[in-house]
Amino acid sequence: MEHITLLIGIVIITALVFDFTNGFHDTANAMATTISTGALKPKTAVAMSAVLNLVGAFLSIEVAKTISGGIVDESGIQPEVIFAGLVGAIVWNLLTWLVGLPSSSSHALYGGLIGATLFSAGVGAIHFDVVMMKVLIPAVAAPLVAGLAAMAATRLTYRLGRNRDERETAKGYRSGQVASAALVSLAHGTNDAQKTMGVMTLALITGGVLAPDADPPVWVIASAGIAIALGTYLGGWRIIRTMGKGLTDIQPPQGFAAQTGAAAVILSSSHLGFGLSTTQVCSGAIMGSGLGRKGGVVRWSTATRMFIAWGLTLPAAGLVAGLAALLAGQGEWGVALVAVLALGIGGAIWAKSRQERVDHNNVNEVEIPAEHPAGTEEESEGIVTAAVRAVSPPPTSAAAAAGSDPADPANGPDAPDTDDTAGATRPAAKATV
């Protein structure tokens, strides 16, 4: 066995950077509905998710084996190819995070590895049968299964609680949401942290540090778990906003149903070694919960943007990674140039994100979709949806004088601005939900 070279060290560090972006990109998978319904405070939610992501990283290595010895032929690629694949995945993760789209970090990684391998070693180095069976088919099936499960569970929960006090029922389901969110976080650690473990193990195998078909060493498992936990703790607030409020308006029973269904699908797939996208599973479950509630509304404009991002993830990350592989294959100067370009792109995205910050203070403020049908009203402990806010009449003078406490479920939302001279109502640009 050889010692870890500088190039392999760079690949491992880059893999941990990807794992970090995976953490803050995918925090929304576990905590979006919990935060949006008020079951947990934002900071508490992401802290709990971070700890359970770390614990989940130690529970299984089946997905790591799929990546380290299944998708590509480790004997036909070099460490710089893996480095290029990681760069493609990181760039795509950052771009979709900037615009708040819950795309798949997993598919970004798969696309990056496949694209870099295709550009450097050719078609023969890719195991397309494994890609089809353990990546593409689960990518289509998993969100559908999770969505149907969440829709059925939502209808069942509302049927069981139809003759009970709504406030007491909501309180109970908020407690259930904490447990189900913990389960999703644990499942996320068993699935997504393993993908970075697999890449790191693949790099060590291609560099001769580990034997072919070797399992991830303990230090690889620990470092991947810590990296994804740190990323998770930072929050990924932009994507939490989209999944928690942008797709549908979620009540506590829906949140509980969506999280439970998603966790069941993710844990089952991890056991089978399917490297599916936890983002797609949780998004499908949230949409299913929106369809499962009578009168529920799914904001299809947001969902359509999300579907487009899903379809673009594999080819876009693959193209970026392929171009990076061509540069990295030129030698040390090529690897250095790819690193500099990646740092420049990452820095530019971070600077852009500072212009309109999203954090735990404003994560539950959503843009009102212009195409949302007027007059659609849904009650959640006295809080109506953002769609109604855009067309609701102004409050009475007494109500305006008294004000409202947004933390009190009995109080309604702030009314839209009005033009006293014209008598016209101007929809508010944002609503806190």
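The values are calculated or read from the model by the stated rules, or taken from the named source; none is laboratory data. Small disclaimer: the values here were computed from a predicted structure and weren't measured. Note that each Cβ is placed from the backbone with ideal geometry, even for glycine, and that neighbours are counted across all protein chains shown. Quick note on the areas: whole protein, heavy atoms, side chains included, nothing else; ligands and nucleic acids left out. Shrake-Rupley method; radii C 1.70, N 1.55, O 1.52, S 1.80 Å.
Okay, here's what the table says:
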read-out	value
Filter result (within 15 Å of ALA84 (Cβ to Cβ) and either of a type in the set (S, T, N, Q) or part of a loop (DSSP other than H, G, I, E, B) (or both)) within segment 293-348	GLY329, GLN330, GLY331
Output for segment 222-254, where each listed residue is polar (S, T, N, Q), open to solvent by less than 10 Å² (accessible area, probe 1.4 Å) and assigned to a helix (DSSP H, G or I)	THR232, GLN254
Residue that is farthest from ILE239 (Cα to Cα) [pool: residues in segment 104-124 that are open to solvent by 10 Å² or more (accessible area, probe 1.4 Å) and in a helix (DSSP H, G or I)]	GLY124
Within segment 180-221, tally of residues that are open to solvent by less than 30 Å² (accessible area, probe 1.4 Å), in a helix (DSSP H, G or I) and hydrophobic (A, V, I, L, M, F, W, C)	14
Per-region count, segment 90-103, residues open to solvent by 10 Å² or more (accessible area, probe 1.4 Å), part of a helix (DSSP H, G or I) and among the β-branched types (Val, Ile, Thr)	2
Meets criteria (surrounded by fewer than 23 Cβ atoms within 10 Å (Cβ to Cβ) and under 30 Å from THR201 (Cα atoms)) for VAL87	no
Residue within segment 310-320 that is in contact with a Leu (Cβ under 8 Å, 6 or more places away or on another chain), crowded, with 22+ Cβ neighbours inside 10 Å and either β-branched (Val, Ile, Thr) or closer than 19 Å to THR117 by Cβ (or both) present	yes
